[in-house]
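Undergrad: This is the structure I have questions about; it appears just below.
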Amino acid sequence: VKRTLESIYADGEKLRSLSKDNVFALKIKNSSIYNKLKTFDAKSLLFYLFNENGRSERDLNFRKMIVKYLSRLIAIKPDVNGLDLKSMGICEGVLCGKILNDVRMLKIDGKLKTKEDEIEYIKSSYI
């Protein structure tokens with residue numbers, strides 16, 4: 001657990017260092033928050049959230065990012081799936097995984113709203 005917390009704190013430091021003056025003016029894309037936190041176990045993130053260390057603006061902002069990740073971002077998934085990609089003539093395997101991940105990141109950032117948007121993006125970018 002200690003190693004996990006040290007790792008979480010190290011990521012927190014990286015995120016906090018993105019802003020030097022006004023941390024609330026910092027605009028971090030949702031996909032960046034997702035990518036920074038996806039490697040951590042939810043229990044570890046919750047433990048960090050409720051840990052008493054640090055009440056600075058930066059620490060509170062990082063905690064808000066964790067709450068956003070746990071309450072919203074972690075649940076966002078593409079509406080398209082591997083079968084949809086296969087029906088579009090895209091091979092299975094690593095390429096499908098990359099496409100689905102790209103779609104997920106764009107959806108997390110709010111750039112793709114519907115399954116039709118996702119299909120249009122795939123067709124324009126990969127076919």
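Derivation of every value follows stated rules applied to the coordinates shown; laboratory data play no part. From a predicted model like this one, the values you see are computed outputs, not experimental measurements. Cβ placement follows ideal geometry from the backbone for every residue including glycine, while neighbour counts extend to all protein chains displayed.
Undergrad: If you take the Cα Rg of segment 56-127 and divide it by 2.2 N^0.38 Å, with N the number of residues, what do you get?
TA: 1.36
Undergrad: Follow-up question, since we're still on this one. Can you compute the FRET efficiency between residue 32 and residue 91 using 1/(1 + (r/R0)^6), with r the Cβ-Cβ distance and R0 = 30 Å? Round to the nearest 0.05.
TA: Numbers: r = 29 Å, r/R0 = 0.98.
Taking R0 as 30 Å, the efficiency between residue 32 and residue 91 is 0.55.
Undergrad: Another question about this same structure. Apply the Karplus curve 6.51 cos²θ - 1.76 cosθ + 1.60, θ = phi - 60°, to the phi angles in segment 80-96 and return the couplings in whole Hz, x for Gly and Pro.
TA: Result, rounded to whole Hz: 7, 9, x, 5, 4, 5, 4, 5, 8, x, 8, 5, 7, x, 4, 4, 4.
Undergrad: In debye, nearest 20: dipole of segment 52-116 around its Cα centre with unit charges on the Cβ of K, R (+) and D, E (-)? Show your work: numbers first, answer last.
TA: Values: 14 positive and 9 negative charges, 42 e Å.
With only Lys, Arg, Asp and Glu charged at Cβ, the dipole is about 200 debye.
Undergrad: Using each residue's phi in segment 105-116, evaluate 6.51 cos²θ - 1.76 cosθ + 1.60 at θ = phi - 60° and report the 3J(HN,Hα) Karplus result to the nearest Hz, with x for Gly and Pro.
TA: 5, 5, 5, 4, 7, x, 7, 10, 9, 10, 4, 5
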